[in-house]
Amino acid sequence: MEKERHDAAGPAGGTARLRCAGASKRFGGEPVLERVSLEVYGGEIHALVGLNGAGKTTLMRLFLGMLRPDGGSVLVAGREPSMLSSDERAGVGYLLEHPLAYPELTVLQNLTLAGRLAGLRPERARTAALELIEEFALMKWAGTQGRRLSLGNKQRLGLAAALTASPDTIILDEPTNALDPAGVMIVRRMLLDRAHTRGAAVLVSSHHLDEVARVADRISVLNAGRIIGGLAPDAMDLERRFFDMIYADSGIGQ
Amino acid sequence: MTGRGQLGAALAVEWLKFRRARPVMFTSVFLVLGVPVMTVASVLSLEGANPLLAVKAEGVIGAGGWEGFFVGAGTISAVGGLLGFGVVTGWVFGREFTDGTVGSLFLAAVSRTATAAAKLLLILAWALAVAVALTFTLVAAGLLSGTAGGPGDPVIPVLTVKFLLITATTALLALPCAWAATLGRGYLAAIGAVIAIVVLAQLAAMVGLGGWFPFAAPGLWASQRGAGTDATTAVQVLLSLPLGALAAGLTLRSWHRLVLS
């Protein structure tokens, strides 16, 4: 059922919400990304899997306009990130590295603030914050300041903050970082709901084939700044095949 | 969202953070209460047991009275204002980098330029409120401690306005700290900039550049007895306006073009 929905919304079904073509980026002369091409369509979860330092976060930073590519193109909703209008920017929810968790504000205040930044009116921002507090099981900490939250709860807060304006494009860098198994299940459920029920385009990264990568519709493997292939999510022995690809690309014996 | 809507939302968001920020609270107390306390202490040291302190205080305050009291307060506020407003300005901008929250301001419906503009507007409004509150507490301290003179002295209104302007001017001169925090990606860079500004202001006064170095102008104006409103001084103090505007403009441009490498 989910597979059919993905196909309908896939390459034949419409324009990619996220698309990069031949994107390259160098830091101090060192290539970090080399001619990376990738597309994410509405209704699908696209997992980007690679070891630490493979370039996953850099690629996501390009999509969010935090960095500019040295070559190739990076488009969000068909436009360069810096050219998006205010309303188009509101349609992109993301969590990269640091969660939106101001230490002096409570969980509820942080989420309300995230809603205002995403363009929601005050009352709507508060309602969205309360709904997300429930979805991410943060009820017990709604009145707790950011500085007093555990790493796991900060991560839940950051994930919730990314979703306040019901974005149709979601970019999450290692979303299960610091989460306990219950938190991982919440993220997994959330991803399936946002992509497969609400039609959002989801790009999610992971350094291993965790529970989140396993719910993806497509898996791209990134190694040393290059996409070296894809993995079929429903294939057997996914972990072994992932490492086979990495080792083969790196020229390392198993 | 319209540009106006973005600025409105940015002001609401920034105000939520600003009013709970410890550096803002500490600096407000430091300036509103600290400057009057230091001024009264300076006057009291004129007749204190320590002759070294008495000589030093006499060099600033002179014979005392409301004139001396305001010269002392203005001199303290010219440095204290730069330090206090500089630290808060640098913190408000730099904390987004230090806390890692700046990433959340990319691709938000509220543009980064609107966020930076809201920060600048809040800082200026807060600084003006602090300057007004400080002026009130200073006059009250002078009256209640009896260190300045009686309430009927006709020079009080003029000196009060002059003191208010000196303190408010330092807020404009502290705006480069916003740019320093942005370029340095954190508030430590801004604190370094505040220290550099204060040291350079002292050096400028010593080498004879005087009030033509804008950061030194409020302090030198404060040291002049009475209103001290000759044309040169007025121009020197007014240089803080283009300097503050330039710092604000550069900060807005940097936030608009921001990349996180």
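Values in this text are rule-based calculations from the coordinates and carry no lab data. In this text the structure is predicted, and so the values were computed from the model without any measurement. Don't worry about glycine lacking a Cβ; one is built from the backbone with ideal geometry, like all the others, and counts go over all protein chains shown.
Computed from the alpha carbon positions, the gyration tensor of segment B:221-261 leads to an equivalent ellipsoid with semi-axes of 36, 9, 5 Å, biggest first. Ordering A:M236, A:H207, A:G93 by the projection of their Cα atoms onto the charge dipole of chain A, which places +1 on the Cβ of Lys and Arg and -1 on the Cβ of Asp and Glu, puts A:G93 at the extreme positive end.
Rg/Rh for the protein assembly as shown (Cα atoms only, Rh after Kirkwood) is 1.11.
Taking a straight line from the alpha carbon of A:K154, these lysines sit under 23 Å away, with near neighbours fewer than eight places off in the same chain left out: A:K56, A:K140, B:K17.
Starting from 0.36 nm per residue, how many nanometres of slack lie between B:V37 and B:R185 once their C-alpha separation is accounted for? Additional length available on full extension: 49.8 nm.
Shown here for segment A:177-254: trypsin sites (Lys or Arg not before Pro) in loop regions (DSSP other than H, G, I, E, B) with at most 16 other Cβ atoms within 10 Å, namely A:R198. Of the residues B:A247, B:V35, B:L200, the one whose Cα sits farthest towards the positive end of the charge dipole of chain B is B:A247 (charges of +1 on Lys and Arg Cβ, -1 on Asp and Glu Cβ, taken about the Cα centre). Between B:P51, B:L134, B:G100, the Cα set farthest toward the positive side of the dipole of segment B:3-256 (charges on each charged residue's Cβ, about the Cα centre) is that of B:G100. Would you mind finding the longest exposed-site-free stretch of chain B, with exposed trypsin sites (Lys or Arg not before Pro) meaning DSSP loop and at most 13 other Cβ atoms within 10 Å? That would be B:20-224.
What you get for the protein assembly as shown, charging only the Cβ of Lys and Arg (+1) and of Asp and Glu (-1), is a dipole of about 440 debye around the Cα centre. Counting only Cβ charges, +1 for Lys and Arg and -1 for Asp and Glu, the dipole size of segment B:3-256 around its Cα centre is about 860 debye. The alpha-carbon atoms of segment A:165-253 define a convex hull whose volume equals 115 cubic angstrom per residue. Peptide A:158-166 shows a mean partner chain C-beta count of 1 within 10 Å per residue C-beta. Using Cβ point charges alone (K and R +1, D and E -1), the dipole size of segment B:1-59 about the Cα centre works out to roughly 480 debye. Checking the a/c ratio against 1.5 first, then a/b against b/c, what shape does the Cα gyration tensor give for chain A? In terms of gyration-tensor shape, prolate.
DSSP beta bridges fully contained in the protein assembly as shown are about 55 percent antiparallel.
The label-point distance for A:T144 and B:R19, in a model that sets each label 7 Å from Cα toward Cβ, rounds to 2.6 nm.
Taking label points 7 Å from Cα along the Cα-to-Cβ direction, B:F30 and B:L209 give a separation of 2.4 nm. Considering only alpha-carbon pairs that sit under 8 angstrom and 6 or more positions apart, the relative contact order computed for segment B:1-142 is 43 percent. Spread over its residues, the convex hull of the C-alpha atoms of segment B:117-261 is 123 Å³ per residue.
Apply 1/(1 + (r/R0)^6) to the Cβ-Cβ distance of A:A182 and B:L121, taking R0 = 41 Å, and write down the FRET efficiency to the nearest 0.05. E(calc), rounded to 0.05, equals 0.45.
Counting only alpha carbon atoms, the long axis of helix A:151-162 and the longest principal axis of chain A meet at about 90°. What the Cα convex hull of segment B:3-256 gives, in volume per residue, is 132 Å³.
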